[in-house]
Structure formats: structure tokens, C-alpha cells
Amino acid sequence: MSLRLIHQLYAGLAPWLALALLLTGRNPFPTRVRGVTSLIIALLLLQIPLGGWSLFSWIRTLEPNPSLTLSGLLVVVLWQRFRGAPLFRSEDWSVAWIAGALSALILYPIGLGLTSVDTYAWGWQPFLPIALACCATWLLILGNRFGILLVLVPLGSLLHLQESANFWDALVDPFYGALSLVMVSLMILGRARAVNASFAEQASPSGKGGG
Amino acid sequence: MPVALRTLLIATLWVICGAGFFSRNEGPRPGFAVVPTHDKIGRLELKNPLTLRFDSAPVNPDQGLPMVHVASLAETSDGILHCVWYGGTAECHPDVKIYLAHKEQRARWTAPCAIMTREQAEHDLGRPVQALGNALLIANPDGTLRLLFVTIAMGKWSGSQLNTCLSKDGGLTWSRAERLTLSPFFNLSELVRNRPMPLLRGGWCVPIYQEFLGKFPELLWLEEHHYGLSYRKSRIAGGCTTFQPSVVPLDRATAVAVLRDYSDDRKVFRSLSEDGGATWSRPVPTSLPNPDAGVSGLLLSLSRILIAFNNSPLDRHELSLSVTGNGGLSWARPFAFEHEEEATFSYPFLMRTTDDSIGLAYTRKGREIRFVLFNEPWLENQLGPYPYKEP
């Protein structure tokens, strides 16, 4: 199998899984049959020709290198939807969103020219995979399941699954980065509301029982 | 998660990282190749110091396209000059093609032939391409020619990507084009322009630039291998003031970059590297004006630097040459070799040929690629003897 075909097949994985997830929608009773049907319909939808090119080709034009983290997270979500058994717990998801948001904040503003330092160039250096391996090891020691997914990042990079040889592209992409920033913002907002509510409860006369 | 599984995963992770560490190719190392004609004191030896030479001829006299632009030159080891440019109805138009012409010594340019079309790029890359753009030729020491070219996926220049292909027969046939991934955000938007520099340990340092959220200068480090191309990039400066660098190595470690200006200063900027191009000083304005137009620099004898630029802060109606003897701190009074009101002369590309002449290609009035060949004695005849008086 040529490297070019491997790149094309891998680039199609994330759009396929994401489309299948969208087709499943918020159905409260997803079955295995529905899951397989969603995957088949998503595959067919990606072949729809638009302006002489398939929908997949247009998506690949926009993002030829979906990150291995995003592809892994989509597999986890679909698995959880159709098998019912949760693979990731709440704390695993929290770490996934925090990792994505931190990566996006480090990579995009500086990588797109904010300073004379180019964080994207770090992706061609050997220290970035080692830094990721240290983080993944720590998460695995703590028993966080996002650490298992991080093992796939250097593996995919080693196997040249992506068109890009830059390690950042294996770790994060604009979709995963943007989604992570939204989720982390919601987490922070949720925490802030909880803290406010707790303060309000403490400050109120009924909460204190006097005053 | 069971402890045995965790241990197995951690061991697997580090084995993968170890394999990746030892198989990873970081690309070429900084350090410029010394110009072959440098003598021991770092000066160029001129082969025919007393003969004045100046020739000027169109590269594409009968092409008849509404727009041609961004010429680049390369000379293969057999002494044949190659020139590439793009042409079509207008910039970013779907009918734009990349053209190539050759010139043997003391011969005319061959008729231009299209070496890359939008359809060919779409076929090679397996995805839609809206238009083609800037192209650059690299003449490898083994006689092969590498073409770097811009494709536009969407919008205009900010939606562009860099691609490459290789010719082993002097430009007659080309390998399947492949995409270079150089930017983290949807691989937008990298462009190429100006002469590549050979590196000390093999490979090339190619000036590139980004114009997406900001416009800033970068360097692409390329290395040819038996299995293909390895590459990485580095940055000269960030922000949104200067771009389209032209790098002039003075020796293995020192290089000066002259840059197109995007700010209100309307000056040619300069930046200095003292570690073979790895890091660069903050770009500062020179005394030369710049109307937000491309510039090109070249090393002369006595470690002087020649620059071709538009000598106006407003428009591109005059194309001039000037020389600095102190790394760009001060410049000689410019010599205008193209000047016509209401006309444009732009995107100069300077190179040194193997017979010690200086080749200059540029866009003349938007419809012609002009090639000028001169030597240092001719240049000194125009600018006066060194050291120069500042204007």
C-alpha cells in the first residue's frame, strides 16, 4: 500500500466518524444496527460529488491532517454511543479537553506569527514526542484513560499515517483545538457558577442560620 | 486500569518514542555553503575583471498572455539557465499555468512550455485546486531540477499552500507533485519567492513567507534523500511588517536578509544572522524606499551586497540597483535601469551564473518576463568606484 493511499485513508477516518456521529444525533436508544447504518450512510455521503469532487475531497482540502487525538476521541464517543459502556470517565474527558486547549493555545497564536518564536517548528524536533511521552506516562500512572489515547499519537506519527511529518499535526488540529477551548471554557464557567452559588449560600442569612 | 496494563502501555509508549527518535530526520542543519569562487580573504575572484557585459532580452517575447509574473532562475551544472514564471488571465485566476524556458550560453531563450497546470496539480494532489501561483526552481548538484510552486485552495494568497515536484531530465518531465505541510492552521498560507541558498552539509535554505493573519518571513530547509525530500522551516521574524525575504550569505555563518515592507515605513528592511540562518535579528528599516514590492539581493566581490528594488515608496514605475559595502547599513546612490511613468517593473530575481555574470529576471509591464545579464565591471561603471558615496 502506497504512502499516498495511507494518507488518504487516514484523512478520511475523522470526517467519516464525525459524520456518522452527527447522523446518530441525540437518539436515546442507539443500537448496533443503527450505528452500522450511520457509518454506511456517512461513507456514502462522503462520496457525494460537489463541483466535480467528492465531499471527502473538499474536506481533505480543508484539513488533510486530522489529529490522531481527534480520531481517537471520535472512536471513543462512537463506541460509547453504540455499546453503552463508558470507555472514558468524566475525569478522562476533562483531561482530553484541557490537553487540547493547552496545545491549541501554545500552537496557534504563536505558530501563526504572534512572535519571532515559531512553536510549530518544535514539531520537527525530537523533544516534543518525548514531552508528550512524559505527560502520557504520568496520566497512565494516575490511571487516566486519556493517557492510552496519547500512546496512539507517537505510534501514528511513526507509521506516517498523516501527510504531515510535523508532530504537532499528530497531536492537535484546529477542530480538536477549538472544541477543547469551548469545553474548557464551559468547565471554567461551571466551576465559577458553583463557587458563586456556594458563596451566595454561605452569605445568605438562611444559609448561615442567623445574622 | 490494572497495573500490568499500565506498565505494558508505558513500556510500549517509550519503545515507540525511542523508535521515532532514532528514525526522525530533522532536515538540514544551518550553515551556508561557501560560494565556490571565494578566495581566502572572503572576496570573489572575478574571471574577467575588465570586460563590461550587459545583455537584455525578453524570456517570453511571443507568449501574448494578459499577465505574467514572479520569475525565478536556476542554472544546472551543464551551464543551462532555466526560468520559471506563472501566467494567465490574472493573478489567482483558474487558467494560470506555470511556464518554463531554457537558455544555453550565448543562445536565445527557448519557447515557454507549461510545466504545471491547475488540472495537473489537482490530479497529482488528489484534491481541488483553485489556481496556481509563485514558482521557484532549485538546481540540485546531481543535475535534477526541483520545482516549488504555490497552489491556492480557496480565496486568494492567504489560502495558498506549497507543493513540490522533481525533474530528472532538465524540465521535460516531472514527478507527481506532493504537498508540503508547513503551517499548523489548515496548512494556510505559505508562499515561496527569491533565490535558494545551498547549505554547507548539503540541502537548501529557501526563503518563504506566510500571509494569513500576519505577513512575515520564514525559511524552508530542504534536503534531498534517496527516499524523497525531508524538510522543516524556521522563522526570521513574526508580526505583520515584513515578508518575502531575500537572503544573502556573506560567509558560512553570517547572512543578511533584505525584506519587502508591509508597514507604513515604506522602506526596505534588513535582518542579520550570525549562526548560519538559525536565528535572526529584528528587522530594521534601511535608507532604501519600498512600495510594498519584492526585492532581491546578491553577494558581490569585496563582501558587498547588490540589491534590485523599486526605488519609490509609492509605486513600481522604476526598477533600480544599489550596492552596500557594510551589510546594508548604508547604500550607494541607486542606478535606475528601468524607468517609465505609468508602467510597472517588479519582482526582481538576482542570481550569479557560473561564468561570474549576474542574471536578473523581472516582470516588465505585467506582460513580459525580462532577463538581463551583466557583470560587476558594468555595475561599477554605473554606480561609480567603491567605496560609494551615500546619496
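The values are calculated or read from the model by the stated rules, or taken from the named source; none is laboratory data. Remember, predicted model here, so these are calculated numbers, not experimental data. A quick note on method: Cβ atoms are made from the backbone with ideal geometry, for glycine too, and the neighbour counts reach across all protein chains shown. Accessible surface areas use protein heavy atoms only, side chains included; no ligands, DNA or RNA. Shrake-Rupley method; radii C 1.70, N 1.55, O 1.52, S 1.80 Å.
P(r) tail, segment B:254-373: Cα-Cα pairs separated by more than 20 Å, 41% of all pairs.
Charges were assigned to the Cβ only: +1 to each Lys and Arg, -1 to each Asp and Glu. The resulting dipole of the protein assembly as shown about its Cα centre is roughly 1720 debye.
What is the projected area of the convex hull of the Cα atoms of segment B:161-225, averaged over all directions, in nm²?
5.4
What shape does segment B:263-325 have by the C-alpha gyration tensor, where a ≥ b ≥ c are the square roots of the eigenvalues, rounded means a/c under 1.5, and otherwise prolate means a/b greater than b/c and oblate the rest? Oblate, because a/c is 1.5 or more while a/b does not exceed b/c.
Which shape class, rounded, prolate or oblate, goes with segment B:189-287 when its Cα gyration tensor gives a ≥ b ≥ c as root eigenvalues, a/c under 1.5 marks rounded, and past that a/b bigger than b/c marks prolate? Here segment B:189-287 falls in the oblate category.
Averaging Cα coordinates gives a centre for segment B:106-127 and one for segment B:253-307; these two points are 31 Å apart. On a per residue basis, chain A carries 51 Å² of accessible surface, using protein heavy atoms and a 1.4 Å probe. Charge dipole (Cα centre; +1 on Lys/Arg Cβ, -1 on Asp/Glu Cβ; no other charges) of segment A:139-208 amounts to roughly 460 debye.
Counting only other chains, what is the mean number of Cβ atoms within 10 angstrom of the Cβ of each residue in peptide A:116-122?
Mean number of neighbouring Cβ atoms from other chains: 6.
The alpha carbon radius of gyration of segment B:121-275, expressed as a multiple of 2.2 N^0.38 Å, is 1.04. Shown here for segment B:93-128: trypsin sites (Lys or Arg not before Pro) in loop regions (DSSP other than H, G, I, E, B) with at most 10 other Cβ atoms within 10 Å, namely B:Arg106. What does the charge add up to near A:Gly147, with Lys and Arg as +1, Asp and Glu as -1, over the other residues with Cβ less than 11 Å from its Cβ? After counting each charged neighbour, the total is +1. Over segment B:311-391, all Cα pairs binned in 10 Å intervals from 0 give whole-percent P(r) values of 17, 45, 35, 4, listed from short to long.
With the convex hull drawn over the C-alpha atoms of segment A:1-41, the volume per residue is 63 Å³. Hydropathy at least -1.0 by Kyte-Doolittle, axial extent at least 15 angstrom from the Cα trace: which helices of chain B, defined as entire DSSP H runs, fit? The qualifying helices are B:3-23.
How would segment A:139-192 be classified by its alpha-carbon gyration tensor: rounded, prolate or oblate, with rounded meaning a/c under 1.5 and the a/b versus b/c comparison settling the rest? Walk me through the numbers on the way to the answer.
Values: a/c = 4.49, a/b = 1.52, b/c = 2.97.
Judged from the Cα gyration tensor, segment A:139-192 comes out oblate (a/c at least 1.5, b/c at or above a/b).
Overall, chain B carries a charge dipole of about 740 debye about its Cα centre when +1 sits on the Cβ of Lys and Arg and -1 on the Cβ of Asp and Glu, all other atoms neutral. Taking a point 7 Å from the Cα of A:Arg191 along the Cα-to-Cβ direction, the residues of segment A:79-111 with backbone N closer than 14 Å to it are A:91, A:94-99, A:101-102. Computed from the Cβ-Cβ distance with R0 of 25 Å, the FRET efficiency linking B:Glu104 to B:Asp142 stands at 0.80.
Taking label positions 7 Å along the Cα-Cβ direction at both A:Val75 and A:Gln47, the computed distance is 2.4 nm, reported to one decimal.
Considering the convex hull of the alpha carbon atoms of segment B:46-106, report its projected area averaged over all viewing directions, in nm², one decimal.
Mean shadow area of the hull around the Cα atoms is 5.6 nm².
The alpha carbon centroids of segment A:25-104 and segment B:89-103 are separated by 40 Å.
When the Cα positions of B:Thr324, B:Gly239, B:Gly297 are compared along the charge dipole of segment B:232-391, B:Gly239 comes out farthest toward the positive end, with charges on each C-beta of Lys, Arg, Asp and Glu.
Using equal-weight Cα scatterers in the Debye expression, the normalised intensity of chain A in log10 at q = 0.11, 0.19 Å⁻¹ is -0.64, -1.46. To the nearest 10 degrees, how steep is helix A:3-24 against the longest Cα principal axis of chain A, on a 0 to 90 scale? Its long axis makes an angle of about 40 degrees.
The order of the peptides B:206-216, B:15-25, B:84-94 by mean Cβ neighbours within 10 Å, most packed first, is B:206-216, B:84-94, B:15-25. Considering only Cα atoms, the convex hull volume of chain B works out to 161 Å³ per residue. Taking the helices alone, chain A has a mean residue ellipticity at 222 nm of -23500 deg cm²/dmol, built from -39,500 (n - 2.57) per DSSP H run of at least 4 residues and averaged over all its residues. Protection proxy ranking of B:60-66, A:56-62, by the mean of other Cβ atoms within 10 Å over each peptide's residues and highest first, is A:56-62, B:60-66. Normalised by residue count, segment A:95-211 yields a Cα convex hull volume of 142 Å³ per residue. Values of log10 I(q)/I(0) for the protein assembly as shown across q = 0.05, 0.10 Å⁻¹ run -0.27, -0.90, by the Debye formula with one identical scatterer at each alpha carbon and no solvent. Residues whose amide H lies under 5 Å from that of B:Met67, counting only those 5 or more places away or on a different chain, are B:Gly88; hydrogens are built 1.01 Å from N in the peptide plane.
Rg and Dmax over the alpha-carbon atoms of segment B:95-198 stand at 14.1, 47 Å. Return the Rg/Rh ratio of segment B:86-143 with Cα-based radii and a Kirkwood Rh. Using only Cα positions, Rg/Rh for segment B:86-143 is 1.05.
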